[in-house]
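The values are calculated or read from the model by the stated rules, or taken from the named source; none is laboratory data. All values reported here derive from a predicted model rather than from experimental measurement. Here the Cβ is made from the backbone with ideal geometry for all residues, glycine too, and neighbour counts use every protein chain on show. Remember, those area values only see protein heavy atoms, side chains included, never the ligands or the DNA or RNA. Shrake-Rupley method; radii C 1.70, N 1.55, O 1.52, S 1.80 Å.
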Amino acid sequence: MGSTSDWETMKNASDVLKDFGVPHECRALSAHRTPEAVVEFVSSAEDRGVEVMIAAAGGAAHLAGVVAAHTILPVLGVPMPSVLNGLDSLLSTVQMPGGIPVGTLAIGKAGAKNAALLAVAILARKRPELREKLIRFRESQTEKVKAATLPV
């Protein structure tokens, strides 16, 4: 994430990954304030066994784009809430030039959760145990909706 202030939101992604038993790393690195550290972290990711990257930043920061520029791993971008309600973050994340893709999720908490779930789905293509966990998760989501009642 671009800043430690993003942790409150991105903790949701970490929690989902923990729930699925997916080892992961969490770091605060800024595309603008620590560009060399970002490049070093991203460039060594595959050697550390990383298979998917989730990058989150707010405002006009473009951490996901910088990450994508330095790896061929799938990069999932999570726009952070901001002074413009995250719209600036969304636009800076989703507007990648052709040829350097960033899969962009929703702004904030929902995006953080869904980025982790999408990362799990990517990993599950070659990991049967994750595929089964993801199927069970989806089934539990269905059951929660079916069991919900509304006050009348």
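Structure values in brief
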quantity	calculated
Residue 135 vs. criteria out of contact with any Lys or Arg (no Cβ under 9 Å at 6 or more places or on another chain), in contact (Cβ under 8 Å) with a residue 40 or more places away in the chain, of a type in the set (Val, Ile, Thr) and not in a loop (DSSP other than H, G, I, E, B)	no
Residue list for region 32-45, restricted to those being surrounded by 16 or more Cβ atoms within 10 Å (Cβ to Cβ) and either closer than 14 Å to residue 61 by Cβ or out of contact with any Leu (no Cβ under 8 Å at 6 or more places or on another chain) (or both)	38, 39, 42
Counted residues, region 93-132 - those being in a loop (DSSP other than H, G, I, E, B) and closer than 22 Å to residue 5 by Cβ	5
Residue tally, condition in contact with a Gly (Cβ under 9 Å, 6 or more places away or on another chain) and crowded, with 18+ Cβ neighbours inside 10 Å, over region 119-145	1
Residue match in region 19-31 (condition: touching a strand residue (DSSP E or B) at 6+ places or on another chain (Cβ under 9 Å), of a type in the set (S, T, N, Q), open to solvent by less than 60 Å² (accessible area, probe 1.4 Å) and farther than 29 Å from residue 125 by Cβ)	yes
Candidate set from region 71-83 (those that are modelled with pLDDT of 95 or more and over 15 Å from residue 105 (Cα atoms)); member that is surrounded by the fewest Cβ atoms within 10 Å (Cβ to Cβ)	72
Wholly enclosed helices (runs of 4 or more DSSP H) of region 1-90 bearing at least 1 residues farther than 18 Å from residue 114 by Cβ	35-43, 63-69
Region 1-18 - residue that is open to solvent by 40 Å² or more (accessible area, probe 1.4 Å) and not hydrophobic (A, V, I, L, M, F, W, C) and, of those, nearest to residue 131 (Cα to Cα)	18
Among the residues listed as 94, 50, 102, the single one being under 16 Å from residue 26 (Cα atoms), of a type in the set (Val, Ile, Thr) and open to solvent by less than 80 Å² (accessible area, probe 1.4 Å)	50
Some residue of region 47-69 being among the hydrophobic types (A, V, I, L, M, F, W, C), more than 22 Å from residue 16 (Cβ to Cβ) and at pLDDT 95 or above	yes
